[in-house]
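The structure appears right after this line, and notes come after that.
The values are calculated or read from the model by the stated rules, or taken from the named source; none is laboratory data. Keep in mind that what you see is a predicted model, and the values were worked out from it rather than measured. Every residue, glycine as well, gets a Cβ built from its backbone with ideal geometry; the counts of neighbours run over all protein chains shown.
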């Protein structure tokens, strides 16, 4: 089954694979998804929706085994202060539900910031825009498709 995210990659002629996994609605954590896919959590990237005081809504894409460093993120975006949006705001802003948020094909094109650790992998997994479905692709292709900007965004657990 193709998602909007997969169709965007097709349109850009960027190669990818779809990875399927069992969804547990009570456990949508990126490290659980990584375990189901047999991948290290650092190679499975999650997409968080944030709002800065100057730049507005933006997306942070970070490894599954890390937490977003809000100070580092604000410095990267040019905001004085930045916070993740409340869960109830995620779907109206992006069109995606928790556990299926991706930077590809959001309702509006938001700026995308990607943790620099993405460049340490040959391939990464990111949500395909639906729970239970991930995209497996080269980091550079993901950055091309999302117009993602690289920077240090997180701290390890």
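Within region 20-30, work out how many residues are under 15 Å from the mean Cα position of the chain (by Cα) and surrounded by fewer than 17 Cβ atoms within 10 Å (Cβ to Cβ).
Residues of region 20-30 under 15 Å from the mean Cα position of the chain (by Cα): 28-30.
Imposing the further condition that a residue be surrounded by fewer than 17 Cβ atoms within 10 Å (Cβ to Cβ) reduces the set to 28-29.
The qualifying residues number 2.
Please give the strands (runs of 3 or more DSSP E) falling wholly within region 67-156 in which 3 or more residues are touching a residue at least 60 places away in the same chain (Cβ under 8 Å) and buried (at least 20 other Cβ atoms within 10 Å of the Cβ). Spell out how you get there, then give the answer.
Numbers: elements: 82-84, 112-115, 124-130, 133-137, 149-151, 154-156.
Because the criterion is at least 3 residues that are touching a residue at least 60 places away in the same chain (Cβ under 8 Å) and buried (at least 20 other Cβ atoms within 10 Å of the Cβ), the strands (runs of 3 or more DSSP E) in region 67-156 that meet it are 124-130, 133-137.
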*Would you mind stating whether residue 64 is surrounded by 15 or more Cβ atoms within 10 Å (Cβ to Cβ), under 25 Å from residue 36 (Cα atoms), free of Cβ contacts under 8 Å to residues at least 40 places away in the same chain and within 12 Å of the chain's Cα centre (by Cα)?*
yes
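Quick check, is residue 38 more than 22 Å from residue 152 (Cβ to Cβ) and within 15 Å of the chain's Cα centre (by Cα)? Walk me through how you get there before you give the answer.
Numbers: more than 22 Å from residue 152 (Cβ to Cβ): yes; within 15 Å of the chain's Cα centre (by Cα): no.
The answer is no for residue 38.
Quick grid of which residues meet (1) in contact with a helix residue (DSSP H, G or I) (Cβ under 7 Å, 6 or more places away or on another chain); (2) closer than 16 Å to residue 34 by Cβ:
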position	(1), (2)
77	no, no
80	yes, no
93	no, no
114	yes, no
119	yes, no
125	yes, yes
144	no, no
154	no, yes
*State yes or no: is residue 50 outside any loop (DSSP other than H, G, I, E, B), closer than 17 Å to residue 152 by Cβ and either modelled with pLDDT under 95 or touching a strand residue (DSSP E or B) at 6+ places or on another chain (Cβ under 7 Å) (or both)?*
yes
*Kindly check whether there is at least one residue in region 2-19 that is at pLDDT below 95 and over 17 Å from the mean Cα position of the chain (by Cα).*
yes
